[in-house]
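Below you'll find the structure, written out as structure tokens, and then a few comments.
Each reported figure results from applying straightforward, stated rules to the coordinates on display, with no laboratory input. If you're wondering where the values come from, they're calculated on a predicted model, not measured in any experiment. Note: ideal-geometry Cβ built from the backbone for every residue, glycine included; neighbour counts use all protein chains shown.
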Amino acid sequence: VEPWTNTLYPADQNVIAMAWDGSRLWLAVSKGSSVYENYLVRIDPARHPAEAVSVIRPRTCETQYAQIDNMVFAGGKIWLLYNSDAEGNPIPLLQTIDPESGVARTPFEFASCPDGYCTPATGMGVTKGQLWVAANDRAYSIDPSSGRVLVSRPVGFLATGNMVYDSQCFWYQGEANVTSFNPLGGACRHSNADNMLF
């Protein structure tokens with residue numbers, strides 16, 4: 001029997017998402033609505049544990065509402081999803097973070113909704129160099145190099161958490177079940193096997 005070595009790093013019990021950028025682990029912490037309750041923890045396992053952890057606050061001090069809803073790594077950037085703007089208005093926003101420097105760009109709106117109200121959604125997934133983000137009742141394909149919306153697909157309301165790609169379709173937790181959608185717009189292999197989660 002060989003010893004199993006591990007290294008422990010300080011984190012927080014309110015981690016809502018994790019992402020690996022190729023050399024560092026990122027944790028998104030969200031435990032309230034203020035800037036001080038929403039931040040990123042960057043862990044570099046190549047460094048000594050006492051020097052490996054840094055904290056990054058992606059929003060400015062003037063931001064009244066800064067709740068992080070999800071995070072992924074795509075196109076060489078960390079992407080954060082917010083369901084409200086700085087004043088708490090229901091507007092879906094994306095923000096990018098440079099993994100090397102930790103510099104955060106200004107959040108930008110990527111979806112518009114009927115009557116100006118977007119039902120909160122937190123689904124995010126990555127495939128073939130594209131970022132997919134849920135807002136209201138649709139999933140939007142985002143070009144990671146420009147932040148431009150390429151196409152959107154209907155997914156229903158309340159798409160939540162990590163959207164997992166199986167080489168043909170994304171699987172995600174929806175309003176009442178685990179379901180799927182094809183980013184190309186076609187059918188999915190197991191579309192008749194969605195799992196009800198009442």
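Remarks
- Relative contact order of region 104-198, pairs being alpha-carbon contacts under 8 Å that are 6 or more residues apart, as %: 19 percent
- The mean sequence separation of alpha-carbon pairs under 8 Å and at least six residues apart, normalised by the residue count of the chain, gives a relative contact order of 11 percent.
- Sequentially through region 61-73, phi angles give Karplus couplings (6.51, -1.76, 1.60; θ = phi - 60°) of 4, 6, 5, 7, 10, 10, 5, 7, 9, 5, 7, 9, 10 Hz, Gly and Pro residues having no value and appearing as x.
- Computed over region 50-130, the ratio Rg/Rh where both radii use C-alpha atoms and Rh is Kirkwood: 0.99
- Of the peptides 10-17, 91-98, the ranking by mean beta-carbon count within 10 Å, highest at the top, reads 91-98, 10-17.
- In the chain, the alpha-carbon atoms span a convex hull of 162 Å³ per residue.
- Database remark: amide H of residue 70 closer than 5 angstrom to the amide H of 81 (H placed geometrically; neighbours at sequence offset of 5 or more, or on other chains; Pro and chain starts carry no H).
- Radius of gyration over Kirkwood radius for region 119-195, both on Cα atoms: the Rg/Rh ratio is 0.94.
- Dipole magnitude for the chain: computed about the Cα centre from +1 point charges on Lys and Arg Cβ and -1 point charges on Asp and Glu Cβ, it is near 320 debye.
- Taking 7 Å steps out from each Cα toward its Cβ at residue 2 and residue 166 produces label points 3.5 nm apart.
- Kirkwood hydrodynamic radius of region 103-164, Cα pairs, Å: 12.1 Å
- Multiplying the residue separation of residue 105 and residue 89 by 0.36 nm and subtracting their alpha-carbon distance yields 3.8 nm.
- Cβ-Cβ FRET estimate between residue 112 and residue 13, R0 fixed at 41 Å, reported to 0.05: 0.70
- Added length on full extension, which subtracts the Cα-Cα distance from 0.36 nm per residue, residue 33 to residue 178: 49.4 nm
- When you count the other C-beta atoms within 10 angstrom of each residue and take the mean per peptide, 104-110, 139-145, 173-179 line up highest first as 139-145, 173-179, 104-110.
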